[in-house]
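Here is the structure we will look at, set down as structure tokens.
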Amino acid sequence: MFKKISRRDLAGLLGLSALGLAAPAGAQRSAAKPGTYVPASFPKDFLWGTATSSYQVEGAVDEDGRGPSIWDTFAHAEGNIEDRSNGDIACDHYHRYKDDVGLIRDLGAKAYRFSIAWPRVFPDGIGTPNPKGLDFYDRLIDELLKTGIEPYATLYHWDLPQALQERVGGWLSSETSRAFADYAGHVVARLGDRVRSFFTVNECGRFVPFGYGLGIDAPGLKLPQAEVNQARHHVALAHGLAVQAIRAHGRAGTRVGVAENITSCVPAIDTEANIEATRVATRELNAGFLNVILTGAYTEGFLRYAGATAPKFTAEELKIIATPTDFLGLNIYAPGHYITASDRPPGFDVLPFPSAFPHMSSDWLRIAPETMYWAPRLAAEIWNVDAIYISENGTSSIDRRAGDGQVYDLDRVMFLRNYLGQLQRAIADGVPVKGYFLWSLMDNFEWIYGYGKRFGVYWVDFETQARTPKLSAFFYRDVIARNAIGA
Ligand code: NOJ
């Protein structure tokens, strides 16, 4: 793709040469006098990557023995998806993966986070694995490695086998937790010779409340809070059991962690007292998942607040849930809450958002780059984590192709530049962030919004499946090439 439109061409198109912005990528410095401006650089071994997930990009839902997932069922049911679309074809990544690996290469990214579709591997969720179930991932991984891109595989990105939903109620049952561990062990035994890093579960903080409480994600249930809390507990248990299965079946050096949309708390004003209150808030507002998997206990505050709706659990389960991991993946988009200190228990106040708080084209995606500083910093401090990956960050935009066919997504560039600036600040302050996965490599099926919300740095024409780099792809390529923001 980049071969067709080089950076120089693009710069020419945009008339940037005159502004001095057309310099070739590289470890260059600005023309400013030495000492007047230091580009915000990242550590030498910082890992730059991009991310997608199976149901959002693969398509090929009936191929090679794949069973149905809850998202097939949910997307095909009337009224669930804004533009009445589904993931039947999506980006056709299943067939176009070689070209797509080329797109990652063209960005200069060195890692690709993708997810494995459980119903491809175990069409019924459990039992006999589909002999062809991992063949696609074999091919994808080989292509990545051949291209010098490290695979980061997520085991669960929401496409639960429909059979498990029907038989045991999905995450309402700990049978699903055990089935997940069996699936994880099988995958690691097969792919662990080439995949070194696995994420267990993606965004428990979304798919449980949205899928089981609010009914707006698959499987579309509106259940009482007690059942939502129990489902979350089973996901935590699934994570812990999967970590154990990965240790049992993986090679030495296999690494594993969760990828979670942490409820990110930001001090409204950076005073000592507010920062401390934000620490408390971060722990308490993540008590149902991150805190329990990283400490092995539900906080008193969580149990008190949940009261009769608290999950049922055993001490043995808590031990499993907190099986040590190797890194923490944080998906960071919008700020969860702005916090101030309070004299009253629990020691913090959550401030209301003003109605005019700015957001990107997804109205939930409020713009707060400082989230990228505080979330990893506080997570590292609270849970004593020594390796964090930003497992997702990016934005939707109302992208349009201009008359010349290009997509000038200046709003995405603005968003990325500012979030990356805060990430650099965190790392400079000693927060152990080791890598960053931009969501997303290309436009794809954005769940209940269908194809209407575009998150890619590559534009996808869903009629022809052609991919075109947006301005943000050039921006990201430049950041990676310089390993810095700024020149
Ligand atoms: C997080 C989810 O993991 C991903 O699937 C989704 O597309 C992005 N957020 C953007 O909403």
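The values are calculated or read from the model by the stated rules, or taken from the named source; none is laboratory data. Every value quoted in this text rests on a predicted model; they were computed, and no experiment measured them. So basically every Cβ, Gly included, is an ideal-geometry build from the backbone, and we count neighbours across all protein chains shown. Areas reflect the complete protein model, heavy atoms only, side chains present, ligands, DNA and RNA absent. Shrake-Rupley method; radii C 1.70, N 1.55, O 1.52, S 1.80 Å.
Considering Cα pairs under 8 angstrom that are at least six residues apart, work out the relative contact order of the range 304-368 and quote it in whole percent.
24
How large is the accessible surface per residue of the chain, computed with a 1.4 Å probe and reported in Å² as a whole number?
39
With contacts defined as alpha carbon pairs under 8 Å and 6 or more residues apart, what's the relative contact order of the chain in percent?
Once normalised by length, the contact order is 18 percent.
Could you give each residue of the range 327-339 its phi-based ³J(HN,Hα) in whole Hz, using Karplus coefficients 6.51, -1.76, 1.60 with θ = phi - 60°, and x for Gly or Pro?
In residue order, the calculated couplings are 7, 10, x, 10, 8, 10, 10, 9, x, x, 8, 9, 10 Hz.
Compute the convex hull volume of the Cα atoms of the range 340-487, divide it by the residue count, and report the result per residue in Å³ as a whole number.
Spelled out: Cα convex hull of the range 340-487, divided by residues, is 156 Å³.
Of the beta bridges DSSP finds with both residues in the chain, what % are antiparallel, to the nearest 5?
If I count the DSSP bridges inside the chain, around 25 percent turn out antiparallel.
Show that you can apply the helix-only estimate: for the chain, add -39,500 (n - 2.57) for every DSSP H stretch of four or more residues, divide by all residues, and state [θ] at 222 nm to the nearest 500.
-11500 deg cm²/dmol
Would you mind checking which residues have amide H under 5 Å from Trp459's amide H? H placed 1.01 Å from N; only 5 or more apart, or other chain.
Amide H neighbours of Trp459, under 5 Å, 5+ apart: Thr468, Lys470.
In terms of modelled amide H atoms, which long-range or inter-chain residues lie less than 5 Å from the amide H of Ser69?
Gln162
So what's the Cα pair-distance distribution over the chain, bin width 20 Å, in %?
Once binned at 20 Å, the Cα pair distances of the chain give 24, 59, 17, 0.
Please sort by residue number the chymotrypsin sites (Phe, Trp or Tyr not before Pro) in the range 76-112 whose DSSP state is loop and whose Cβ has at most 16 other Cβ atoms within 10 Å.
none
Step through the table entries Lys146/Lys453; Lys98/Lys146; Lys146/Lys470, compare each Cα-Cα distance with 21 Å, and write down the pairs that go over it.
Cα-Cα > 21 Å for Lys146/Lys453; Lys146/Lys470; rest within.
Given a cut-off of under 8 Å on Cα pairs at least six residues apart, what relative contact order in percent is computed for the range 243-309?
That works out to 20 percent.
The range 37-142: which GluC sites (Glu not before Pro) are DSSP loop and have at most 12 other beta-carbon atoms within 10 angstrom?
Here the GluC sites (Glu not before Pro) that fit, given the DSSP loop and packing criteria, are Glu78.
Which of the trypsin sites (Lys or Arg not before Pro) found in the range 394-487 are in a DSSP loop and have at most 16 neighbouring Cβ atoms, other than their own, within 10 Å?
Arg400, Arg401
Percent of accessible area on the chain owned by carbon and sulfur, 1.4 Å probe?
Carbon with sulfur: 53 percent of the solvent-accessible area.
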